[in-house]
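J.: The structure under discussion is supplied below as structure tokens; questions concerning it will follow.
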Amino acid sequence: MRIALLVIGLLPAVSNYALAATDPSLTRLEQQLEFLSRTTDAVVGVSALHIESGRYVSLHGTEQFPQASAVKVPIAVQAMALADEGKLALDKMVSLRPADVHPGSGRINDLLFHPGLALSIENIMELTIVVSDNSAADLMLREAGGPAAVTARMKSLGLNGIRVDRSIAMLLADWGGLKTVPPEAEWNRDMWDRLLDAVPEAEHMAARRLQTRDPRDTATPADMTKLLARIWRRDLFSPVYATKLWDVMERCQTGKSRIKGLLPQGTDVAHKTGSVGGVVNDIGVITLPGKAGHVALAVFTKGSSRPEEVSEKAVAEISRTIYDYFALFPDTAPAGPQ
């Protein structure tokens, strides 16, 4: 297994396993990341771009990985693009029904005890990114035009490796091993608990293994890093919407043991996590100290049968290793063909 060290603009034309670097320090970084990827039983995908210099490192960078809740970033990009185009107002109020409470939700599940709750699109986005509320994510996905519209937006940006195929509710139903799901009009939080709790453990684990190989709702680390870099550059839409998306990612409260886990206290990380059976992800942009710049980083894992903390530790160690390298060598010329 080899790690590609390339110029980000050359990614589509160069093999993921071509090694272009001659810098001994990059070779050592390659060896460290390979070693750290073996500290978990999961398959690990890494893509890191030092935005200012263009230097890039990846491990399984063009392989598809389940996004889990990292998918909420592409959904947010689609929603903000529609707002920028005048097709979706961020102050639009969306009324919640009992059927809108989906598995894995926190804040909305806590709030929806009585009819009458309504949230603005902007507040829905806050809940989606900051606390990773699944009900909010599915509301935003619906308002953004659905899965096909998000995938089409990614393709329009040249990011063919990012796809969205299902709502979060249906994704979790498939990962949970549900063979049938009632019509959406009949959904409620008690129904989800009852159906998921009734799945035998053996069937649930079989569904997890199957979903790990499912191409739906997956992304390549390479394309996710490209998307993150554009979010940082604020060139996807006009400044007011670009800044709103960046700000909400900076306030993400989940994943304190992942990208942020071993970074110096106070390091700014605008990010989004993702978790589902055997999958531990974190994607974001790290601000390096001083004038060392920024690193767009995607760390995906899949197929683990060990406790989540094992993969989280690997994500944290990989992130710290990349942070240290680019903090020490921020100005080296880009590796690879010029």
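Laboratory data are not the source of any read-out in this text; all were calculated from the coordinates shown. Owing to the predicted nature of the structure, the values given are computational and were not obtained by experimental measurement. Every residue, glycine among them, receives a Cβ derived from its backbone with ideal geometry; neighbour counts consider all protein chains shown.
J.: Would you order ASP41, ASP193 from fewest to most other beta-carbon atoms within 10 Å of each residue's own beta-carbon?
T.: Sorted ascending by nearby Cβ count, the order is ASP193, ASP41.
J.: Rounded to whole Å, give me the distance from the Cα center of region 127-181 to that of region 210-280.
T.: After rounding, the separation between the Cα centres reads 15 Å.
J.: Could I ask something else about it? Take MET154, MET170, MET224, MET140 and order them by how many other Cβ atoms sit within 10 Å, fewest up front.
T.: Fewest-to-most Cβ neighbours within 10 Å comes out as MET170, MET154, MET140, MET224.
J.: Here is a further query. Quick check on my link table: of LYS87/LYS244; LYS226/LYS272; LYS155/LYS226; LYS179/LYS272; LYS226/LYS256, which ones sit more than 20 Å apart, alpha carbon to alpha carbon?
T.: Table pairs above 20 Å Cα-Cα are LYS179/LYS272; LYS226/LYS256.
J.: Between MET93 and VAL181, what FRET efficiency comes out of the Förster formula 1/(1 + (r/R0)^6) with R0 = 22 Å and r the beta carbon distance, rounded to 0.05?
T.: 0.20
J.: Report the extension gain between ARG306 and PHE35 in nm, rounded to one decimal, defined as 0.36 nm multiplied by the number of residues separating them, less their alpha carbon distance.
T.: Between ARG306 and PHE35, full extension yields 95.8 nm more.
J.: Let me make sure I get this right: for region 135-279, a, b and c are the square roots of the gyration tensor eigenvalues over alpha carbons, sorted descending. Under 1.5 in a/c it's rounded, otherwise prolate if a/b > b/c, else oblate. Which is it?
T.: Here region 135-279 falls in the prolate category.
J.: Still on this structure, I have one more. Specify which labelled value, from [x] 20.3; [y] 21.5; [z] 22.0, agrees with Kirkwood radius over Cα pairs in Å derived from the coordinates of the model shown.
T.: Entry [x].
J.: Collect residues whose amide H, placed 1.01 Å from N in the peptide plane, falls under 5 Å from the amide H of SER120; neighbours closer than 5 in sequence don't count.
T.: For SER120, whose amide H was placed from the backbone, the distant partners under 5 Å are VAL94.
J.: Report, in degrees rounded to the nearest 10, the 0 to 90 angle that the Cα long axis of helix 221-233 makes with the longest principal axis of the chain.
T.: Roughly 90 degrees between the two axes.
J.: With 10 angstrom as the radius, rank MET125, MET205 by how many other C-beta atoms surround their C-beta, starting from the fewest.
T.: MET205, MET125
J.: Rounded, prolate or oblate for region 28-118? Axes are the square roots of the Cα gyration tensor eigenvalues, ordered a ≥ b ≥ c, and the cut-off for rounded is a/c under 1.5. Display every interim value, and only then the final one.
T.: Details: a/c = 3.99, a/b = 1.85, b/c = 2.15.
Cα axes put region 28-118 in the oblate bin.
J.: With a cut-off of 8 Å between alpha carbons and a minimum separation of six or more residues, what is the relative contact order of region 69-212 in percent?
T.: Here the relative contact order equals 26 percent.
J.: Then there is this: Given Cα pairs under 8 Å that are at least 6 residues apart, what percent is the relative contact order of the chain?
T.: That works out to 27 percent.
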